[in-house]
Amino acid sequence: MLHSSCGFTGEMTTFVQPSKIKNLFICCLCSPRVLRVWTCRRPRARRNLLVGTACVIYLGFLVSQVGHVLPQHKGGHQKISSRSLQDAAQTPFLGIPLDGTLSPPNFQEPQFGSNGTLLPPNVVYITLRSKRSKPANIRGTVKPKRRKKHATPLSYGQHFPKAAFLGREEATGHRLGRATHAAGTTGAALGARKRQLDEYRHKGTAIRERGHHRPGGISGAIKKAQPQPEESNIRIYSESSPPWLSKDDILHMRMLADSQIKKIQEVPSRKAVLVVFARGPSTTGTACNQGHCGIVKRPLDMSEVFAFHLDRILGLNRSLPSVSRRLEFFQDGQACPVILWDSSLIPTDNRTHSSVRLTWGQYQQLLKQKCWQNGKVPKAEWGCTDIHHHEWSKMALFDFLLQIYNRLDRNCCGFKPLKEDSCMQQGLKSKCSDQDAVDLTHIVQRRHDRRHLTFIDNKGFFDRNEDNLDFKILQGINEFPQSAVSVLKSQRLREKLLQSLFLDKIYWESQGGRKGIEKLIDVIERRSKILLTYINAHGAKVLPMNE
């Protein structure tokens, strides 16, 4: 009766698909008898009971038929038709990028082991790493200091400890293993990784052998490591020092800034202190003759450090190396300039501090004669000295930029001095009526080089206004050095001064860092513009003075 009402005439067969089960159940529910039972008026509780019973019967049919369908895949390999492959290939893969970072799925038959168990498929884990960008090169920043790696000396057989080397091999093996698993490599790839590991072992063995037999290698007992020196106050972060500073300049600067002081001796005539460094010989005379002494001046003379760097940048090379240093026994630990003691300088008298005694009138006469210029030997009646004519031009340019008046204008006759100036304290300003008789001071030569001057006592003044500059320093000068003028015209004076003064850590900090240094450079730049205007206005020549 049930089959006839639903339209089935054949015998009941085994249902292999859930859709047939669903149709059969719907037909059963749609039979006239069921409909009559459902439409009759019955209590609500009995109606709910019938609905629940029908749902349980339906679920039972589904579970029983699904159990018949699933075991069919366990019997052996099931072939997938080409039609199903085409349908699968046309199916979109949601969430998978189409830029080639992931490969399309591989439709292949599952692999089974010898015991009939299903083997896990090869899984490839892909890690997307963002491209690392290089840091921006910001102009004006200071290059960080490079830290040098100091190797600890080891004894024979300890250049590469066995435990450490094996630990590196083991760690390398683990990394190779993880990389192999992550990339899903095949047997050939594993063989390549093994050969790479063997090559790493052989290379490490060769390094150990070269360490034992290299020239100068450490062997025998362990040598005591030397204590690491403290950080130098002369900071050079690049591979080489600025080109205007020679190797001797750097060596002298490091000695003056970092060497330990062994002896101290006062120099009353110069209001300074002579110090002997520990790296020199025991006796003071021998140490100073070998260049292991320095003169420590007052903090008010700190401009001598600036003058040294300006001298080197301008290409004059006439001043002595000078650095800034803090000494506990002098000026309460304030920053003071320390100048190299040069034993080759000709001794001077205590009155003019000069190796050649000249008055202002004699000096002006020498400028007119142009002594020793172009290799021309001066006549005896000219009154020339051993100093070359170009040396006066270099000294005048240098003194004008720093407004050093104690060499050419000792009595302050060319400007309005302050009460703090030495000419006012000594009462020399009133003696400007007879300027030709005024002595020049601090005109110094070397014993082995009397043609050139050496600039000493280079105390400059940065508080001099542009309308109160001492132009008397430039009087009689008609030629200027080309190297110095080219630097002033190149508009790179500020850049070079910053690079050079930054080497001296104590001086940089004592002047207020870059902000304070910039103020000093501003003064020099304004004076350089005035000097260039003076050269053009007076028609002075700019000549190479490299002899």
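The values are calculated or read from the model by the stated rules, or taken from the named source; none is laboratory data. No experiment lies behind these values; they were computed from the predicted model shown. So basically every Cβ, Gly included, is an ideal-geometry build from the backbone, and we count neighbours across all protein chains shown. In case anyone asks, the SASA skips ligands and DNA or RNA and just uses the protein heavy atoms, side chains included. Shrake-Rupley method; radii C 1.70, N 1.55, O 1.52, S 1.80 Å.
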For region 307-360 the chymotrypsin sites (Phe, Trp or Tyr not before Pro) that pass both the DSSP coil test and the at-most-14 other-Cβ-within-10 Å test are Phe329
Between the residues Thr348, Ser282, His388, the Cα farthest towards the positive end of the dipole of region 259-399, that dipole coming from +1 and -1 charges on the beta-carbon of Lys, Arg, Asp and Glu, is from His388
Low-density loop trypsin sites (Lys or Arg not before Pro), region 398-486, at most 13 other Cβ within 10 Å, DSSP non-H/G/I/E/B, are Lys419, Arg447
Here the Kirkwood hydrodynamic radius of region 246-371, Cα-based and in Å, equals 16.0 Å
With all protein chains in place and a 1.4 Å probe, His390 shows an accessible area in Å² (nearest 10) of 10 Å²
For Glu381, the accessible surface traced by a 1.4 Å probe with all protein chains present amounts, in square angstrom to the nearest 10, to 140 Å²
With a 23 Å threshold on alpha-carbon distance, the violating pairs from Lys370/Lys496; Lys247/Lys271; Lys370/Lys431; Lys297/Lys416; Lys496/Lys529 are Lys370/Lys496; Lys247/Lys271; Lys370/Lys431; Lys297/Lys416
